Structure formats: C-alpha cells, structure tokens
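The values are calculated or read from the model by the stated rules, or taken from the named source; none is laboratory data. Quick caveat, the model's predicted, so the values are computed rather than measured. Ideal geometry is used to build each Cβ from the backbone, glycine not excepted, and the neighbour counts take in all protein chains shown.
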Amino acid sequence: MNARGRKIVLAASTSESSEYLRSTWRQMLLATLPMRYARMLKATWSTEVETEPDGQAKYVPQGLRVVESLLLEKFAPEEIAVCYPDQLPLFVGPETRVVGLHAHNPLGITFATDVYAQFSGRDVEPVNAAEFRRLITHPVLRQHKPHLKLIVGGPGAWQIEKQGLQDEWGVDCLVNGEAEEIVVPLFQDAACGRPLPRSIEGSSPAMARIPPLRGRSTYGAVEITRGCGRGCQFCSVALRAGKSIPLDHVLANVRTQVAGGADSILLVTEDLFLYEAGPRFQSNRPALKRLFEAVAAVPGVNYVGLTHGTMAPVVAEPALIEELTPIAVGYSPHRHADSTHPEQRYQNLFIGVETGSVRLFKQFMKGKAYPFRPAQWPDVVLKGMETLNRHNWFPFCTWILGLPGETDADTRESLELLYALKNAKWCVVPTLFVPLEDTRLEARESAKVAQLTDLQWEFFFTCWRMNLDFFRRSRRVQWIFNAGVPLYYYTLGRKLFGPKMKYPLLRLAHFPEWLLRRHLYLDFSDHREPLYRVPQSVAIPEHRRRPEIPELAVLS
C-alpha cells in the first residue's frame, strides 16, 4: 500500500454496491428508506459490503468496473485503486491526481426513491442519497482537493447539475451518457492537471470499445445488451437502438466474476428479449437459449439473475419462456412458496407495465407493445403475466402515476387492470412520474405525492396491499403492521398528505372491505368479474406479422 496515495482512485457508495440477499429489487427498495430511520433500526444490511485484504472494494457497480478496465489500458495497475468511502484514506494522498465517483442515484430523485422517503416527512434523505453525500464530502477529498480533479459519472450524474451542487461538492467534471470513447482522454488530462470541461456527454461506442471487465461487479453483473429503441418518452435508454454484446465477450466477463469470488451472475440488459434480436424486435430464441446454457456452464456459476425485459415478446413468442425456464428458474437464487418448481425457485424480471390507460399508453409508450397495437396493451399484460407465472417467473413491475395529462378516467383503467391482476404472482411498485434528463418529457412537470388524487392514492396502496399478501409476512408481523398503519395516519400521514390517503391506507392495513367500499373505487369483497380477463390468445395485426427467421440464418 502506497502511503502517498494512488494516482487514480475510483469509488462508489456502499448502498449502490451492496449485494443484499442477491436481490437487485430489494437493494433498490432498501435504498429508498429514510437514512434517519435506517440508523435507528440499525439497518446496516442495505450498505454492507466486503473489501479485499489491501482495502480495495471486492465488488462495485458494473459501470465503474468498465471505467477501471478502460483506464488499465493506459495506466499501470498499481496506479489505480477501487474502493468504498471508508477506505478512501488508504488510497487518496499527496500523489493522487484523479478521483472518479460512480453516481447511480446520488440525490434519490428518480422514479421510486424520492416517493417513498417522503412518507417519513418532507426533506427526508433516503439511504442512497445519504451514502453518496458521505462519499463525495469525505474529508480526505477536501484535504487533497488542491492537487486532484474530481470526476463524477453514471446514470444519475445529471442530478448534481440539476440541483446546483457541482460547485458546492467540488466536482470538476460531470460525465453523462456512455463513456467508453471519452474516459481515457478525460482521465489523462486530469492526471496531467489540464483543465477539464465542466460537463461532457458520451455517445454510444463502437462495440470494439466496450472493454472486458478486470474486476468483480456487484451481483456478478455482466452486460449483455445496451439500448432498447422502443421509444418510451419518459426513458432515455428507450431512445437508443439496442446492441448485443458478443457471447465470447459475455463469457469472458462471467469468468472474471467467478475468479473474483462471485457464484451468482446477473445478466444486465435494458430488455432481455433484445439479445441478438432480429429486425423490428424479433426475439432470437436460439441465441438466448445458447446464452443461458453457456453462462450456466461456466464452472463456479451457481445462480443466474436477470434485470429488465418487456411483456410483448412473452406474448408474441410464448415458447421463448418455456425454453429459457430450465436455466432461468433452475439457477435462480429466489424462492417462494407459490412456485411449482421442485425447489420452489422463481425467476425475477423487471418489467415496466407503467399504465393501464390505453390513451396514455398510446401517447407515451406505444412501442412497448410492438408487434401488438397500443389498444391491446391490457391483453398483452394479462396474457404475458399468465405465461410468466405458469413457468415460475414472478416479475417485478413498475407502474407510473401522474404521467402528464393523466385523468381520473385513466387512473380507473389502471385500477381495473390492477384488479384483473389481483391473483397474479408478482410485485408491483407504483412510482410517480419524474421528468428525467435526455428524455422527450424532460421539460414536463414531475408528479408530487402531496398532489395525488383519491384514485391515485387508492392505486398506490392497493399495489402494496397486494404485494404484502403475496409475500406473506408472518401473522405476528402482519398484525403489528396492520395496527401501525392507522397510528401512522393519525400521527403523521394526515399532516403530510391530508385525508385523501386515509381509506386507501386502511386497505393496506387489511381493514375489511365492507368498511371501505363506500370510499374506494375497487371492492375486493364483491368478487365481481374483472373488466379485463386473460385472453386465450392475443392476435398480432396482419401487417405487423414477421416471417420466421430460418434456423440456419440464426445460427450462422
């Protein structure tokens, strides 16, 4: 260990690096907890990480490992260190010239984080924001700032500029977008003390510029695709065409993860079903099956996890799920009593349902349904969920409240679709619309928790009632939770958000429906037939049907 410091130090916060329960969605939700209560409850599980014997990080977010790999092309390994906040004093010293920080959600203002922290009071700081602030304001960075440049990049770097914190935090350069083409010259300039741009935008790199990883990523994350191209107006990724990482590159990264101690691999993608896809989002079943089999065959891989997918391919090609299930479910680290797998395993996949309103769907995200028409979206969701559940895929779905122009009629359509999914095996997380940077809706006003309508409050807490029922807490814990909900409402909730949340909140606490039916739109006690039903099939419009790709063409 060099007491004078490494020339380049890369670091990430603990909440963005944690591998809690091998579950990306649990990590995400735990990061939304208010830090003050996490400390009171001694909830360190959301920030627990491991270090190597020399103090370097054992695992960090995959994007930071990409930066490390690029820098190792021009700098010696002994000039670079990768660490967590607590270990910064071991590596930042008089000879340090550049510190690069990873920022996934540094201020907690993306779709979910800022929503859930607000239930504990206004101006409450969520765990991920508090942990990033602890990183970027570390005393050792201030001590050595006269001779080093501070560079911050990652999916959430824009938040720092948006909130006017760049100067206060001493950030010399903010990096937005994909950074493969700009990282090396930027760090070289910083290491030589040359001036840096206040901010810089990266563009989609050539495939050859995406380097093999040199170290272990959180959850053993290995990228398999980039981009999406479906065009959802609230998402920047959806505006970039998809590209697939070659299989040999993927497998090399898998072997690196295993060599670093990972026994679980997380396949990172904006849409699983776009891997080696054909024209117009044509899923490539042979390529996907080959990918899963090859990853699972790497010695040392015991578990395989997934990130994002879309519902339309599940319905358009149901055989796809059937073919992937033996490995996708058989190698999953997740278990649930409702799974029919011999070991009760289930696979998780992040899927954006986003709305039950056909009008809003057509306006803001119609490409998400392709090859189906926007008007078929409720059928696509229901049929896709049935197909996934039948094969023990229990997805983690997001649903956006407060999209621009949302009316009560739109919210009622979402409630009806939610009611039709009441017996599904899933987790549904309601979020509020946030105008993210570099999206078509970035100039629109964000939705506010305090401005939710009666129907939106009902939707919000009905989602969580369904989640609690599916994940079945113990009776004792459930009783304590139910008793605590009205206590929360009368001591804090009513003061923060007013009376509109009262009856939806009581549904969360399992108050009987006969007490709630006069105040809520849905009535779960009347057992009425849902407005939407699972269709036997969903027809692809004739003009959107695609010819089958010949098997030899796929395999060539």
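The table below lists the values:
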item	result
Hits in region 365-378 - residues which are farther than 15 Å from LYS422 by Cα and either outside the structural domain of GLN344 (by TED's automatic domain parsing) or not aromatic (Phe, Trp, Tyr) (or both)	MET365, LYS366, GLY367, LYS368, ALA369, PRO371, ARG373, PRO374, ALA375, GLN376
Region 139-159 - residue that is touching a strand residue (DSSP E or B) at 6+ places or on another chain (Cβ under 7 Å) and in a helix (DSSP H, G or I) and, of those, farthest from ALA12 (Cα to Cα)	TRP158
Single residue of VAL353, VAL315, VAL358 found to be touching a Gly at 6+ places or on another chain (Cβ under 6 Å) and modelled with pLDDT of 95 or more	VAL315
All positions within region 506-545 that are more than 25 Å from ASP408 (Cα to Cα), of a type outside the set (A, V, I, L, M, F, W, C) and assigned to a loop (DSSP other than H, G, I, E, B)	PRO535, GLN536, SER537, PRO541, ARG545
Check on ALA337, crowded, with 24+ Cβ neighbours inside 10 Å and small (Gly, Ala, Ser)	no
Those residues of region 261-318 which are in a loop (DSSP other than H, G, I, E, B), farther than 23 Å from ALA375 by Cα and more than 19 Å from the chain's Cα centre (by Cα), in sequence order	GLY261, ALA262, ASP263, GLU276, ALA277, ASN284, ALA297, VAL298, PRO299, GLY300, VAL301, ASN302
Residues located in region 362-393, provided they are within 17 Å of THR325 (Cα to Cα) and without any contact (Cβ under 8 Å) to a residue 40 or more places away in the chain	ASN389, ARG390
Test result for TYR219, hydroxyl-bearing (Ser, Thr, Tyr) and either more than 23 Å from GLU68 (Cβ to Cβ) or surrounded by fewer than 16 Cβ atoms within 10 Å (Cβ to Cβ) (or both)	no
The listed residue being farther than 19 Å from SER217 by Cβ, in contact (Cβ under 8 Å) with a residue 40 or more places away in the chain and not basic (Lys, Arg), out of ASP263, ASP271	ASP271
Answer residue from region 196-212, given it is of a type in the set (D, E, K, R) and farther than 16 Å from VAL66 by Cβ and is modelled with the highest pLDDT among those	ARG198
Check on VAL82, of a type in the set (A, V, I, L, M), touching a residue at least 12 places away in the same chain (Cβ under 8 Å) and crowded, with 19+ Cβ neighbours inside 10 Å	yes
Residues (small (Gly, Ala, Ser), modelled with pLDDT of 95 or more and touching a Lys or Arg at 6+ places or on another chain (Cβ under 9 Å)) located in region 227-270	SER244, ALA259, GLY260, GLY261, ALA262, SER264
Some residue of region 423-445 being in a helix (DSSP H, G or I) and within 29 Å of LEU306 (Cβ to Cβ)	no
Candidates PHE273, PHE281, filtered to the one that is at pLDDT below 95, surrounded by 17 or more Cβ atoms within 10 Å (Cβ to Cβ) and either of a type outside the set (Ser, Thr, Tyr) or within 30 Å of ALA409 (Cα to Cα) (or both)	PHE281
Failed item, numbered, when ALA179 is tested on (1) part of a loop (DSSP other than H, G, I, E, B); (2) farther than 27 Å from GLN56 by Cβ; (3) among the aliphatic types (A, V, I, L, M)	(2)
THR453 surrounded by fewer than 22 Cβ atoms within 10 Å (Cβ to Cβ), under 22 Å from LEU274 (Cβ atoms) and in contact (Cβ under 8 Å) with a residue 40 or more places away in the chain	no
Scope region 461-501; condition in a helix (DSSP H, G or I), out of contact with any Phe, Trp or Tyr (no Cβ under 6 Å at 6 or more places or on another chain) and among the charged types (D, E, K, R); matching residues	ARG465, ASP469, ARG475, ARG476, ARG494, LYS495
Test set (1) farther than 25 Å from ASN348 by Cα; (2) surrounded by fewer than 21 Cβ atoms within 10 Å (Cβ to Cβ) - ALA447 fails condition number	(2)
Condition met for GLU416 (assigned to a helix (DSSP H, G or I) and within 24 Å of VAL380 (Cα to Cα))	yes
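Residues checked against (1) part of a helix (DSSP H, G or I); (2) out of contact with any helix residue (DSSP H, G or I) (no Cβ under 7 Å at 6 or more places or on another chain):
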{"residue": "VAL115", "(1), (2)": "yes, no"}
{"residue": "GLU161", "(1), (2)": "yes, yes"}
{"residue": "ASP167", "(1), (2)": "no, yes"}
{"residue": "VAL184", "(1), (2)": "yes, no"}
{"residue": "ARG194", "(1), (2)": "no, yes"}
